[in-house]
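Everything below concerns the one structure shown next.
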Amino acid sequence: MLLRRTAPGVVGRLARGLSGGRPPRDDKFARVTQEDVQYFREALGAGGRLVTDREGLQAFNRDWLGNFEGATSVAVCPTSTQQVSKVLSYCNERCLAVVPQGGNTGLVGGSVPVHDEVVLSTSAMDNIISFDEVSGILNCQSGCILQALDTYLAERGHTMPLDLGAKGSCQIGGNVSTNAGGVRLLRYGSLHGSVLGLEVVLANGEVLDLWQSLRKDNTGYDLKQLFIGAEGTLGIVTGMSLLCPARPTSVQVSFLSCKSFPDVLHIFRLAKQHLGEVLSAVEFLDRESLVTALEHMPGIRNPLPDGTSPFYMLVETSGSSETHDKNKVEEFLAEVMSAGLLVDGALAQDTSQASNMWRVREGVTEALVRRGKVYKYDVSLPLAEMYALVEEMRERLPGDSIRVVGYGHVGDGNLHLNISDARGKERQEVREAIEPFVYEWTRERRGSISAEHGLGLMKAECIRYSKPEAAVRIMGAVKKMLDPKGILNPYKVLPRDVVHEGC
Ligand code: FAD
Ligand code: MLT
Ligand code: ZN
């Protein structure tokens, strides 16, 4: 379970990681006054929470990675859609900029203020409204923590259709707003499919009720899709309906090592062939990732005696018959061995071994932060070329303190390229050796510069590496239509030149 990290002081470092530097404050936005704070207090009434003290605001101002830090003077935590509506309608009227915030585990600087924007946190909107055990449809508010929802569903024989390392802190509204991928996308698909309905409060306070619980609905444009992955720039998601699968009763996890990335891909192909309908995750990590996790995450053990192979994989099946699933996994492993692909492998014998294997994979993210400064990239690439980016980056970035690390959701073509620098501080020469090279390399292969983390503040100016001009222009027009004054999460997602004036 991931707990909220308290990052060291980072003021002054936040301009880094942004192509073009931190955007200047847009002076069309009003500054928060005592009258505004008084209004928010009244709008929240007894239930909600208002944070205005410096210490309390730190957690709202600073992102999980410690790369970005804003300077809000107020965080508003409503409990109901009506309160969100009141607050937004007021901010729109006053031209106060607003940052929606969920669990604040985002990795691209989208969830924290850039300057003095009001933080609207959904953390007090954590009610589960209903669950239908026949259809598997869950209705809840957006501030529910992902892990809490999964625990609730486990008691009812179901599971959440997504899972990620930040599950102990991230909120379902944040997941929807980033269109989070995670480790089971391979099995359950993206949130564009699992979200059946949404309730969204628009910038002017209007409540857009798209909160249906239907599997099928072809009446006109599917507007809810616009808000899935909009990173809080088009509206605030307040409630939703989600399709949740039956919980698998048999979960088999194996951890393998192999000699090359082509072998990783070959094993993936065999996993699809042999495990087909029960395959639920195919993850990979390189030796540098494994070593970093083992060095910096106490309590994690290497599942294999082999710690020198260049590549490791975690393959998971989720099904309903233990004997059947175990047989299948054994056949798959035998095939992998007879093809000469395996250096070493282990099949978890109990849930504790399985969870240790998952902690090795999921622990890499936090281990990297503990090691020092991390330059984080999240790309979609054609599988055959995916790891070449890590190798090229190693050639560009020699140096004792630098470790170039590659891991990710190989089953989804999603590479997490991380450059870790034990020297701990942002260095311009390192950043310049990485960017724009990594974005150009990705564009040349028609990849995506953000597979699952979003654009946030970090990559707002980089959208054109992955989207054509016409698409960027249409996005600007959608933003203008839904948020004419531009108060929702300014400086994020869209490049400055397509954002309209507003206010
Ligand atoms: P926040 O970080 O608070 O916000 C993220 C964005 O959504 C911001 O732009 C914010 O303004 C907006 N937002 C939040 N709530 C709302 C709302 N209710 N309405 C409108 N906008 C809103 N991501 C993956 O995709 N896959 C992974 O496997 C993965 N693993 C991770 C592992 C770790 C250890 C960590 C720290 C992060 C990981 N992430 C991963 C990134 C992050 O957890 C996800 O992006 C997650 O979905 C963010 O949820 P959150 O509630 O923390 O949102
Ligand atoms: C993961 O898959 O571990 C997450 O997306 C976080 C990361 O990229 O480190
Ligand atoms: Zn990921």
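Across the stretch 162-181, the number of residues qualifying as more than 13 Å from ligand 2 (Cβ to nearest atom) and charged (D, E, K, R) comes to 0. Just one residue in the set GLU435, GLU461, GLU501, GLU429 is free of Cβ contacts under 8 Å to residues at least 12 places away in the same chain and more than 20 Å from LEU383 (Cα to Cα); that residue is GLU429. Residue count for the stretch 164-184 under the criterion of being within 6 Å of ligand 1 (Cβ to nearest atom), among the hydrophobic types (A, V, I, L, M, F, W, C) and closer than 12 Å to THR122 by Cα: the result is 1.
Entry remark, the stretch 129-158: residues being open to solvent by less than 20 Å² (accessible area, probe 1.4 Å) and of a type in the set (Ser, Thr, Tyr) number 1 in total. Residues in the stretch 353-369 that are open to solvent by 30 Å² or more (accessible area, probe 1.4 Å) and within 12 Å of ligand 1 (Cβ to nearest atom): ARG359, GLU362, THR365, GLU366. If we scan the stretch 242-264, do we find a residue that is open to solvent by 10 Å² or more (accessible area, probe 1.4 Å), part of a loop (DSSP other than H, G, I, E, B) and closer than 25 Å to PHE311 by Cα? Yes. Among the residues of the stretch 323-364, those that are of a type in the set (Asp, Glu) and either within 27 Å of the chain's Cα centre (by Cα) or closer than 14 Å to VAL251 by Cα (or both) comprise ASP325, GLU330, ASP350, GLU362. None of GLY406, GLY454 is in the same structural domain as ARG269 (by TED's automatic domain parsing), closer than 20 Å to VAL364 by Cβ and not in a helix (DSSP H, G or I) except GLY406.
Against the test of being closer than 22 Å to LEU294 by Cβ and free of Cβ contacts under 8 Å to residues at least 12 places away in the same chain, the options ASP350, ASP421 yield a single qualifying residue, ASP350.
Set side by side, the residues SER380, SER309 differ, and just one is away from ligand 2 (no atom under 16 Å from the Cβ), in contact (Cβ under 8 Å) with a residue 24 or more places away in the chain and of a type in the set (S, T, N, Q), which is SER309.
The values are calculated or read from the model by the stated rules, or taken from the named source; none is laboratory data. Here the structure is a predicted model, which is why all the values come from computation and not from measurement. Quick reminder, even Gly has a Cβ in these numbers, built from the backbone with ideal geometry, and neighbours come from all protein chains shown. SASA here: full protein model, heavy atoms, side chains in, ligands and nucleic acids out. Shrake-Rupley method; radii C 1.70, N 1.55, O 1.52, S 1.80 Å.
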